[in-house]
1. Considering only residues that are of a type outside the set (Lys, Arg), within 16 Å of Val55 (Cβ to Cβ) and free of Cβ contacts under 8 Å to residues at least 40 places away in the same chain, which ones fall in the range 14-31?
2. Take the range 90-105 and flag every residue that is part of a helix (DSSP H, G or I) and either closer than 25 Å to Asn306 by Cβ or of a type in the set (Ser, Thr, Tyr) (or both).
3. Would you tally the residues in the range 107-124 being of a type in the set (Lys, Arg) and touching a Leu at 6+ places or on another chain (Cβ under 9 Å)?
4. Would you check which residues across the range 10-27 are within 19 Å of Val208 (Cα to Cα) and loosely packed, with under 15 Cβ neighbours inside 10 Å and list them?
5. Could you give me the residue pairs with C-beta distances under 7 Å whose first residue belongs to the range 47-76 and is under 30 Å from Trp150 (Cα atoms) and of a type in the set (A, V, I, L, M, F, W, C), whose second residue is part of a loop (DSSP other than H, G, I, E, B) and at pLDDT below 95 wherever it lies, and which are 6+ apart or on separate chains?
6. Name the residues in the range 196-255 that are buried (at least 18 other Cβ atoms within 10 Å of the Cβ), assigned to a helix (DSSP H, G or I) and charged (D, E, K, R), would you?
7. Working carefully through the options Ser280, Ser270, find the one that is among the hydroxyl-bearing types (Ser, Thr, Tyr) and either buried (at least 21 other Cβ atoms within 10 Å of the Cβ) or more than 17 Å from Ile104 (Cα to Cα) (or both).
8. Considering the range 183-219 alone, what residues qualify as being more than 21 Å from the chain's Cα centre (by Cα) and either free of Cβ contacts under 8 Å to residues at least 24 places away in the same chain or more than 25 Å from Asp295 (Cβ to Cβ) (or both)?
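The values are calculated or read from the model by the stated rules, or taken from the named source; none is laboratory data. Quick caveat: nothing in here was measured; it's all calculated off a predicted structure. FYI the Cβ positions are ideal-geometry reconstructions off the backbone, even for glycines, and counts take in every protein chain you see.
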Amino acid sequence: MIGRFLVELLIAQGARVRIASLDDPSRAHPEAEFLRMDLTHYENCLKACDRMEYVLHLAGIKGSPLMTATRPASFFVPTITFNTLMMEAARKTGVKRYLYTSSIGVYAPADRFYEDDVWKTFPSDNDRFAGWAKRMGELQAEAYKIEHGWGEIAIVRPANVYGPYDNFDPRNAMVIPSLIRRAMDGENPLLIWGDGSPIRDFIHAKDVARGMLLAGERAPGCWPINLGSGTGSSIRRIVEIIVEHLKKKPEIVWDTTKRSGDQIRLMDISRARSIGFEPSIPIEKGIPEVMDWYDQHRSEIGRRYNVFTS
C-alpha cells in the first residue's frame, strides 16, 4: 500500500527501483524490477539487496484487533524474521542507506506518543506481539551503529495508515478498508464494534511515502520519527464520512459488547516537521478517494498477498 506510492515517487525522481514482495506482479509499477519472493529466507534478502545503494524496508503484517488477539504468531514470527534478515543482508551487501519501518504499535497506551518515550514503557496489550517485534528492529539498528559503525539507518513509525491497495478483506482488515468494503458492498445494517468513541491518528499512504523519503534523505541514523497526521479522528467520524459518500445509506448498529482497542492513540509529529514533513491529505478527502479507488478496482482486491488467508 505505502510501497506503491513510494515506488512512484522514486521513479519520478529518476531512481532505478527493485521491488521484493509476495504480492501478485500485476500490482507492481511497470517501470520497476519485480522479484516475487519471501523475505523470511535470508538468501532472498541477499538477492533483494544485491547492488542496491538504498533499501527501504516496508514489509509488514497488518490486521484487525481480532487478528491481533487471535493470531499473534502470524504477526510476531514473520515480522521479527524478515526485519532481522533484511537489515543483516543490507549490511552484508554494503547498502549505503537503509530505512526501517517501525510502527505506532511500539507505544504504550497514552493520549499522545513521543518518540523518546518508547523505551520507558511496554507496548499496549493490544499490540504487544507486533509491537515487540517492531521494537527489536529498532534495537538491531542501534546495535549495528555501536558494533559496526553503520549509522545510516533511518527509522520511521507510521500511524494508522490507509489508502488504495490496502487489505479490504473484512475478516482481517483494519478499520477503514474493512468499513469501506462492507459499506460499499451493501451491508445493511452496518455492524461496528464498540461505540465509535476511540480516537486514532489516521494518515494516508501517500503522505507516509513522502515522509519516508524525507526521513531517508535527512534524518540522523537511528533517530525514530513519527509519521502521523498529528490530529485525531474518532471511529464514529470515520463511519460518518463513509456513509456521507454512499448513495444508499445503511442503518448503523454499534456493538458495544465487542473490544475496540485503546481509547486514544495520537502521535506527536514535531520531529517529522523538523525535517520538512507536513501531512497534506485530511481524512475528509482521503477516505472518499479510497472509496472511489475501491469501486474502480474491485477485481484487483484478491491479488494482494494476505498472510491470514495464504
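1. Passing the criteria: Ala15, Val17, Ile19, Ala20.
2. Listed by number, the residues that qualify are Ile104, Gly105.
3. Number satisfying all stated conditions: 1.
4. If the condition is that a residue be within 19 Å of Val208 (Cα to Cα) and loosely packed, with under 15 Cβ neighbours inside 10 Å, then Ala12, Gln13, Ala15 are the ones that fit.
5. From the range 47-76, the pairs are Ile61/Val307; Phe75/Ile61; Phe75/Gly63.
6. Once the filter is applied, which keeps residues that are buried (at least 18 other Cβ atoms within 10 Å of the Cβ), assigned to a helix (DSSP H, G or I) and charged (D, E, K, R), the range 196-255 yields Lys206, Asp207, Arg210.
7. From the options Ser280, Ser270, the qualifying one is Ser280.
8. Once the filter is applied, which keeps residues that are more than 21 Å from the chain's Cα centre (by Cα) and either free of Cβ contacts under 8 Å to residues at least 24 places away in the same chain or more than 25 Å from Asp295 (Cβ to Cβ) (or both), the range 183-219 yields Asp185, Gly194, Asp195, Ser197.
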